[in-house]
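Notes follow the structure.
The values are calculated or read from the model by the stated rules, or taken from the named source; none is laboratory data. What you see is a predicted model, and the numbers here were worked out from it, not measured in a lab. Reconstructed Cβ throughout: ideal geometry from the backbone, glycine too, with neighbour counts over all protein chains shown. Keep in mind that these areas ignore ligands, DNA and RNA; they rest on the heavy atoms of the full protein, side chains included. Shrake-Rupley method; radii C 1.70, N 1.55, O 1.52, S 1.80 Å.
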Amino acid sequence: MLQKNQIYEATVCDYTAEGQGIAKIEGCAVFIPNAVVGERVRVRIEKAQKTWAAGKLVEILEKSPHRVNRECPVAKLCGGCDFWHMDYEEEAWLKSDRVRQALNRIAGESLDRVPILAAPTYNGYRNKAQYPVAQEKGRAFAGFFRAGTHQVVENKGCLILPPVFDRIKNIVIDYVNHYRISVYDESLHKGLMRHIYIRRGEVSGEILVCLCVNGRKLPHPEDLIARLQAVPGFATLVLSVNTKPGNTVLGEECIPLFGPGYITDTLCDLTFRLSPHSFYQINHHQAQRLYRAAISQAEITKDDLVLDLYCGVGTITLAMASAAGKVIGVEVVEQAVQDARENALRNGITNAEFFCGDAGQAALELQRKGIIPDVVIVDPPRKGLNEDAIDALSQMAPRRIVYVSCDPATLARDVSLLKQKGYCLQSAQAADLFPRCAHVESVVCLSRENVEWDFRNARRDEAQAVLSLYQRARNNEFCTWNDSYPGMGEIEADIETNNLYVLTHERKIVGAISIVPENELDAFDCWTCKEGKEIARVVIDEEYQGNGLSYEMLEKIIPILCEKGCVSIHLSVVKTNLPAYKTYIKAGFTTVAEAQMYGNSYYLMEKVLDANFHADELNDETSID
C-alpha cells in the first residue's frame, strides 16, 4: 500500500472519466489532476487506499508534446473547465476514447475506435451561463464554484462564454451592490440574490436574463431594466422564484419583469422558443452536427412513426418531422412541452404531437394504446434510462433505437440492457459539445438482432408435435370438444410432456396451444427457462394469420392458462401482419426475438401471465379494427 505524503515517480498511462491522469505505482492506480498521458512525473500521495490513491502533481520530469500553457488565469481554481493544460487534439482523443472504453468494458463491445465530431473552436461557444452570486466583505460578486465545493471563484472574463455575458453579469452585480441587495447564504437560507442565469440565441442574437432569487420581488427593477437595455440583443428579464433550501438554480415559477419571458433561436433550420426551463444544447454549432448524425443513423422513412423520449422543446422531434410520417415527443417538464407545441405551430409542422410525462411511464402508456413506433430517439439526462423506459422500449420493439447520451457510463449500461432485450449496436459516434470541459456527448444506433430460429432446430419430439398438429387438427383427428371452455378443443398428444390444445374460432380450428414444462425448452435460447415451470406456445394456422388472435380469443385463452399454472405465453406473428402485431402489443406481449420459419420472417412474442388476470382487462374499446 502506498504511503501518504510520500513522493513517487511514475508515467501517466491513461485518463479518468473526469480527465485526471492515471499512473500505476506498485500495482495501485493513482489519480493525478492536471497530468497528461505519456508524461513522467513526480507525484505526492494525498490519500491512499488499498487499490487506488489520490495524488498531487509535484514535478513534470518528461513533458508531453500535448501539454500547453493555460490560457485561462483562474483555470486551476475554477471548477468550470478541466483541460486548459492540454492541447485540443489530446482532449478530443481522450473524449472519444472514453466513449470507446465504456462501450467495450460495460456493454461488452470490442470497438477499436469511436470517431468524434471535434469542435471547430473552444472560445465563446456556450449560449448559456449560470453564475452563483456570493459576497465577501460586504461586496457582491459572481463567478463559478471551485471544483468539489460551493466556494465561488470570481471570474472576470470566462473564455468559453461570449463576452456579452460578462458585460451582463457585471451590470447585475453593480445593481446588486448599488442597492445593497442581500446575497443568498446557503447555510442560513437567508438573502435574496442566488444566481444570474443568461441565455442567448446563436442565430437570433436575442438575450434572456433570469435572476434566481429567494423571494418574489426585486427592489427598483426599472433601474436594472434600463441598464440592461443598453446591451445589444437584450430581449427579456425574468425573475425565477426559488425559496427552497439547497443549491438548485431555477425555481418552479418564473415571472417576466420585461419582455415576453422567452427568446427564440434557429437550429437545424427550425425556429424554437426558449424559456428559462427549456432544455437546449449549449453549443449551437455542435448540436446541429450531433442532431444531424442522430437523424442520419435513424434511417427514417415517410412511412415511419417516430417517438422522441426526453424531447425537451422538440428540437430533434421537429427536425425529424419532415422525414417521417408522424413524430411524437415526450417530456417531463410542462413548460418545455408547451414550448415544443408552440415550436411546431411556429414552424408549420402538422405531423408532430407532444405529451407531458415521465419518459418510461409515457412510453408504456403509448404502448398500451397500441402506438407502436418504428424508430425511437432517446436523449435522457446524465442518469440515463430508467427501468420503465427500458421495459417500454423492449415491449414496443422499434426497428431502431437512436440513443443520444451525455454520459458514456450510463449509455454503455443501457446499451448492455437493450442488448439483453434483443438489440445490437450498429454504430457509435462521439461529439464534443463542451470543449475544455470533461463532458462528452455521443450518439449510438441499435437495431433488433435477427435471431435465426426454426422449429426444425428445436428438440425433435417438440417440433414433430407442433408441426404435425396442423394437419391433424384441420382434419379433426383425435379432437373432442371441451364444453367447459367454449371455443377450445382438446387433443391427445404423442408425447407425454406435451399437453396440446386446439384453438378454435366459430368451431373452425385455427391454431394450437402447446403447454410444455419450461425446462424442456433449453434449445430455445431466446427464451429464459425457469426450472419446472410451464409455458404456453400458441401457433396460429397459416390460413388464419390474416387476423391473428382476437381479443375475444385472448379472453378465453389467458384465464385457462392461468388456471393451469402457466407462467407465460409465447406466440409468433408474421412481420407483415401489423394489425395482429399491434393487437398482441396492446394485450401486453413483448417482442423477444425475430425468427425465420417456413421461409417467412416472424416476431416471437411473450406475455408473462398474472394469476390475478381478469378477462375484462381486454375489451372492445382497446381492440384494433
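Quick check on my filter: what residues within the range 32-54 are surrounded by 19 or more Cβ atoms within 10 Å (Cβ to Cβ) and in contact with a Gly (Cβ under 9 Å, 6 or more places away or on another chain)?
Result: 32, 34, 35, 36, 37, 39, 41, 43, 45.
Count, please, the residues in the range 380-403 that happen to be assigned to a loop (DSSP other than H, G, I, E, B) and either β-branched (Val, Ile, Thr) or open to solvent by less than 20 Å² (accessible area, probe 1.4 Å) (or both).
At the first step, the residues of the range 380-403 found to be assigned to a loop (DSSP other than H, G, I, E, B) are 380-386, 397-399.
From the residues that got through so far, the ones that are either β-branched (Val, Ile, Thr) or open to solvent by less than 20 Å² (accessible area, probe 1.4 Å) (or both) too are 380, 384-385, 397-398.
Selection size over the range 380-403: 5.
Those residues that are aromatic (Phe, Trp, Tyr) and in contact with a strand residue (DSSP E or B) (Cβ under 6 Å, 6 or more places away or on another chain), I need them from the range 98-136; list them, please.
Result: 125, 131.
Restricting to the range 298-340, what's the tally of residues that are open to solvent by less than 30 Å² (accessible area, probe 1.4 Å) and in a helix (DSSP H, G or I)?
12
Which residues, taken from the range 404-435, are of a type in the set (Asp, Glu) and buried (at least 24 other Cβ atoms within 10 Å of the Cβ)?
Pass one, the range 404-435, residues of a type in the set (Asp, Glu): 407, 414, 432.
Those that are of a type in the set (Asp, Glu) and buried (at least 24 other Cβ atoms within 10 Å of the Cβ): 414, 432.
Determine whether residue 23 is closer than 22 Å to residue 102 by Cα, crowded, with 20+ Cβ neighbours inside 10 Å and without any contact (Cβ under 8 Å) to a residue 40 or more places away in the chain.
yes
Filter the strands (runs of 3 or more DSSP E) completely within the range 134-213 down to those with at least 2 residues that are at pLDDT below 95. Before the answer, list the steps.
Numbers: elements: 139-145, 152-154, 193-200, 207-213.
Hits in the range 134-213: 139-145, 152-154.
Filter the range 145-185 down to the residues that are within 11 Å of residue 133 (Cα to Cα), over 34 Å from the mean Cα position of the chain (by Cα) and among the β-branched types (Val, Ile, Thr) and list them by number.
172, 173, 176, 183 - these are the residues of the range 145-185 that are within 11 Å of residue 133 (Cα to Cα), over 34 Å from the mean Cα position of the chain (by Cα) and among the β-branched types (Val, Ile, Thr).
Taking the criterion of being over 20 Å from residue 582 (Cα atoms) and buried (at least 24 other Cβ atoms within 10 Å of the Cβ), would at least one residue in the range 353-362 satisfy it?
Taking every residue of the range 353-362 in turn, at least one turns out to be over 20 Å from residue 582 (Cα atoms) and buried (at least 24 other Cβ atoms within 10 Å of the Cβ).
For the range 231-256, give me each residue that is part of a strand (DSSP E or B), at pLDDT 95 or above and open to solvent by 60 Å² or more (accessible area, probe 1.4 Å).
256
So which residues in the range 60-90 are open to solvent by 80 Å² or more (accessible area, probe 1.4 Å) and outside any loop (DSSP other than H, G, I, E, B)?
Listed by number, the residues that qualify are 62, 89.
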